[in-house]
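**Q** Sharing a structure, written as structure tokens. Questions coming.
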Amino acid sequence: MAGTPTLARTAPASPAPTPAAACVDLGTEPVTLAALIDRALCANVDTRSAWQRIRGQQAQVGVARAAFLPSLDATASQRRQLGDRAPGSDPDQTGVSLSASWLLWDFGGRRANLAQARQTLAALQAGLDSRSQQIAQAAIAAYFRQLAASAALQAADASVTSAAETVRAASQRLRVGLGTRAELLQAETALAQARLLQIQRAGELAAGAGALAVTAGYEADRAIRLVETLPEPARSPAPPALATLLAEARQRHPDRLAQLASRDAAESELDRLAAQRLPQLSVSASRSDTRDSDGRIDSGQVALTATVPLFTGGRQTWQEEAARSSIALADIAIRQTEQQISLAVWQAWHGLVTARARVDASDQLLASASEATRAALARYQAGLGDLLTLLRAQDDLADARQQQARARHDWAAARLELARASGLLIRDPDPLLSRPDQETTP
């Protein structure tokens, strides 16, 4: 997105999560949106918990891989016989044995188990991606709320300045005999109301600062300065075609990817259960060495074993039925997720189009209100206008300033909301959301 920090981020495959205390400190310099998101992702306990679940599942993948390899065991024993024994026999006996076994063929059971472990890992990784997007969205919302509160306070400051100028003009008219005491009191009342709004906006800004600090993993009293630069709406391209975003979301949204991986894991579980109906072929070998007073006894064997399941009391059938039910539930969940994604993209796309139109309307409103206020003030200072007209013009101007500030921040937030709804927020929203050649119609 032109003019905004790039939010490209992909979830690493395996590194350990960073402890909250080791996250990069934001310092005292103005913070960009990308830096705030990185800090929020690092400090959030949900992401660290998700990393631990991923690491645990990676170990399960290793366990599934180990099933393809042979096992080797060595034992050593030193025994003493107690109680009655044959005359002249040695009560002590020493033994060493070595045994190996290897499952040669199980008709895909181990392969299905490994596939299930891998798909479960993929689902956890996609789930981490989805949770990361939620955390990033919370950081974005806090960032823009704080910028909007700052802009609202600046608008309130400007309204106080305008009201104070009106009080000076009313005082001047009263001194030269063109005004009345009532006009001066009305102007002072308007100034007091502007100051009350200024105090309210300052309180909202302070409250938002605490929420922003907590979002970044700090205590509420930690001060965070923000880079108060927004993209210029007039220079930004129109949003991509709705059909393009819907197609991207179907392919790349982490919630859908997690559901697909869960379904694949359920199918692998059914394959594993089906393989249990078939024979297993394994080979084993052992060698032992036993020594006592009578001498040394060596023994060894090699065996090829085939195991054929005959009857399990119906357990196998019910397990497979449960697996089929899990697959059906996964299909339903995928369809539900696809509908939710399409609705989110639809609403976010139209929200962005609406927000862009609001920016244009608020700019025109502010220009008209500013010109009307200048004209009313000039007429009032020249003794040609009345105070009520000037006060109404100043109220309209204050409202226009507030609306413009809100519209611009809402538009910037709507762009990132569209990226989140499309599943692109943590990956790389810029290439898609900045295409200038897309249509703006559904």
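None of the figures in this text is laboratory data; all of them are computed from the coordinates on show. Just so it is clear, the model here is predicted, and its values are computed rather than measured. Here Cβ is always computed from backbone atoms with ideal geometry, including for glycine, and neighbour counts include all displayed protein chains.
**Q** Based on other C-beta atoms within 10 Å, arrange 144, 311 from fewest to most.
**A** Fewest-to-most Cβ neighbours within 10 Å comes out as 311, 144.
**Q** Amide H of residue 241: which non-local residues (sequence gap of 5 or more, or other chain) have their own amide H closer than 5 Å, using H built in the peptide plane?
**A** The answer is 439.
**Q** Please list the equivalent ellipsoid semi-axes of region 348-397, computed as the square roots of five times the alpha-carbon gyration tensor eigenvalues, in descending order and whole angstrom.
**A** Equivalent ellipsoid of region 348-397: 33, 9, 4 Å, largest first.
**Q** Right, here's the next one. What ranking do 409, 350, 253 get, fewest neighbouring Cβ atoms within 10 angstrom at the top?
**A** 350, 409, 253
**Q** Quick one: which residues, 5+ away or cross-chain, put their amide H under 5 Å from the amide H of residue 31? H built at 1.01 Å from N.
**A** 225, 226, 227
**Q** Then there is this: With labels modelled as points extended 7 Å from the Cα through the Cβ direction, what inter-label distance (nm, one decimal) is found for residue 178 paired with residue 99?
**A** Each label point lies 7 Å from its Cα, and together they span 11.1 nm.
**Q** To continue, here is another question. Among 284, 49, which comes first, then next, by fewest other beta-carbon atoms within 10 Å?
**A** Exposure proxy ranking, most exposed first: 49, 284.
**Q** Further question: Let me have the relative contact order for region 253-409, percent, based on Cα pairs under 8 Å that are six or more residues apart.
**A** That works out to 22 percent.
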